[in-house]
Amino acid sequence: MSHMKKSFFFKLLILLLPLSACTVSVPVELNPALLQRWEAHQQVISQQQHWQLRASMAANSEDDGWNARVFWQQAGEAYELRLQGPMGQGAVRLQGDAQGVVMYTGGEVYRAATPEALLDQQASIRLPLVYLRYWVRGLPVPDIEIQTRSFTPEGQLSQIQQAGWNITFARYKSVEGLSLPHKIRLENALYVARIGISKWQLETLDSF
């Protein structure tokens, strides 16, 4: 892959999401009642295995920045993720499941065991797409150590540190009676990324 293409993918896929400033829910001390609300919330959201979202993404590193529109559809282990830069440029489609993933872009097709491996191989970038499957729903990634966490008074995550990332859930909204993230900020030692989810849809999905 040419240096120019790698540079483009770096911009498009590492830089997650445009976002306006908004007020973060104030973390509260964990107590039995709050823990009960959190456990109930987590159980209900974890059961939502079929969903789709539309979002805007923007991210900054020390040297660069980019933004993209995002469509993400999840059906159990199967998923489709489409990213598109400004003015329709640089469309990328990832389609995969637990057995592997395929990337379609610019008339070319690439395959790998995981989306992280594919992006690393083809674009020399690393992005925690498997983790984002949980974070976009306001959930911690199962079986990954949690360094810190805090909650809103309603029992939703307001902040979590996990897998080298600090994730802040700046705003939630009601979707079919469930509370799902609307604004998310992700940060590690190299990147600051923001996700603004404009639309959630549960259960009833378009075909891949």
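The values are calculated or read from the model by the stated rules, or taken from the named source; none is laboratory data. This is a predicted model, so every value here is computed, not measured. Glycine gets a Cβ as well: all are built from the backbone with ideal geometry, and neighbour counts include every protein chain shown.
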>> For the structure I just gave you, tell me whether R82 is among the basic types (K, R), in a helix (DSSP H, G or I) and either surrounded by fewer than 19 Cβ atoms within 10 Å (Cβ to Cβ) or at pLDDT 75 or above (or both).
In response: no
> Considering only strands (runs of 3 or more DSSP E) fully contained in segment 146-208, which possess at least 2 residues that are without any contact (Cβ under 8 Å) to a residue 12 or more places away in the chain and among the charged types (D, E, K, R)?
Replying inline: none
>> So for segment 144-159 (the condition being closer than 28 Å to A112 by Cβ, modelled with pLDDT of 95 or more, surrounded by 18 or more Cβ atoms within 10 Å (Cβ to Cβ) and not aliphatic (A, V, I, L, M)), does at least one residue qualify?
In response: no
> Residues G76, G96, G107, G90: which one is over 30 Å from E154 (Cα atoms) and surrounded by fewer than 18 Cβ atoms within 10 Å (Cβ to Cβ)?
Replying inline: G107
> Considering segment 52-66 alone, what residues qualify as being under 15 Å from the mean Cα position of the chain (by Cα) and surrounded by 20 or more Cβ atoms within 10 Å (Cβ to Cβ)?
Replying inline: L53, A55, M57, A59
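Would you check if P140 is over 25 Å from H41 (Cβ atoms) and under 14 Å from the mean Cα position of the chain (by Cα)? Spell out how you get there, then give the answer.
Working: over 25 Å from H41 (Cβ atoms): no; under 14 Å from the mean Cα position of the chain (by Cα): yes.
Answer is no for this residue.
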>> Residue pairs, Cβ under 7 Å, 6 or more apart or interchain, first in segment 96-115 and in contact (Cβ under 8 Å) with a residue 24 or more places away in the chain and within 14 Å of V130 (Cα to Cα), second β-branched (V, I, T) and in a strand (DSSP E or B). List them.
In response: P115/V101
